[in-house]
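The values are calculated or read from the model by the stated rules, or taken from the named source; none is laboratory data. Model, not experiment: these values are computed from the prediction. Cβ atoms come from the backbone with ideal geometry, glycine included; neighbour counts cover every protein chain shown.
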Amino acid sequence: MKVEDFIRDISTVIAKYRRLYKMLDVISITFLLYSILLITNMEMVFGLFPALEVYSTASISILGANLSYPEISLFIISVACGLLLTFILHVRDNKRSTINLVEEKYPVLRERLSTAYDNREVDNIVVADLQENVTRASANVTHEVFLNKKRLYIGFFSLLIAISLLTYVSISEYRISSTPQDIIGPLLPHNEGDGSDLAVMEQTTNNSDNTKENLTGETSIVVVEGKQVDLTLPPGSGTGFTQGEQANSTPEGFTPSSAYDISVMSSSIYSEELPEGYESIIKQYFEEMAGK
């Protein structure tokens, strides 16, 4: 096998193992983040925004299972975060070339493999001898040696924990007591017209002096027949009238009138002429009314 064919074969094996690591990390991180979002009641975030409130209770049926739009959105967010974090974790893997990995695993090929690969287009006795030695030594290289078992075990263990946690949360519906409104609710803008705060109302009156009157405060000045009357009590005058006290005492020299029996008296001032011919009927009517 030529040097370039050997490097191509090892690169394919290493790329396959890297895809396995990345897949385990993506699934583990996605399931773990999705479980955390469910535990922290993050699906309630939709109810905090008027534009998304209509989707907070909507659901869709997928393969016989009803999934709400908030749950689907949280899962999509978890997948996006899982892909991003996995990319960050493995960004340095692609920078390591296959030749460096092979020389790291097999010290006998150190510097010899890279030299033979760089001079693969050169045709002379020295390069031919070097490539023959490298080809003979590469026959002992196995694919399993490039599998990072420690990293693989960690990936499977993380995946098992994430699946177990998601299964427990989905079956038991375990949630914490706090909600997203407790965390991010105070940071959201409030509408000024929601009635949560009381506003002091002021009204401009059309008085002659163009003064403003505070409708919610206590009135201290009133206008009587075009004149302003100050109702403010001067200092030391007390707190006003109390229950049970009389506003004014009886003036001296006042003599009340004598008591008399209440009776009905007719007035001589008012008189009315009765229609002719009906005097007896009217008289009988009033007598019957008086008898009742």
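In this structure, does Phe87 turn out to be surrounded by 12 or more Cβ atoms within 10 Å (Cβ to Cβ), touching a strand residue (DSSP E or B) at 6+ places or on another chain (Cβ under 9 Å) and closer than 30 Å to Pro180 by Cα? Walk me through it before giving the result.
Details: surrounded by 12 or more Cβ atoms within 10 Å (Cβ to Cβ): yes; touching a strand residue (DSSP E or B) at 6+ places or on another chain (Cβ under 9 Å): no; closer than 30 Å to Pro180 by Cα: yes.
No, not satisfied.
Just checking: which of the helices (runs of 4 or more DSSP H) contained wholly in segment 86-174 hold 2 or more residues that are farther than 24 Å from Ile10 by Cα and either touching a residue at least 24 places away in the same chain (Cβ under 8 Å) or not hydrophobic (A, V, I, L, M, F, W, C) (or both)?
Numbers: elements: 98-105, 112-118, 125-138, 149-172.
The qualifying helices (runs of 4 or more DSSP H) are 149-172.
Return yes or no: is Leu160 of a type in the set (A, V, I, L, M), at negative phi, under 35 Å from the mean Cα position of the chain (by Cα) and modelled with pLDDT of 85 or more? Don't jump to the end; show me each part of the working.
Details: of a type in the set (A, V, I, L, M): yes; at negative phi: yes; under 35 Å from the mean Cα position of the chain (by Cα): yes; modelled with pLDDT of 85 or more: yes.
Against the criterion (of a type in the set (A, V, I, L, M), at negative phi, under 35 Å from the mean Cα position of the chain (by Cα) and modelled with pLDDT of 85 or more), Leu160 qualifies.
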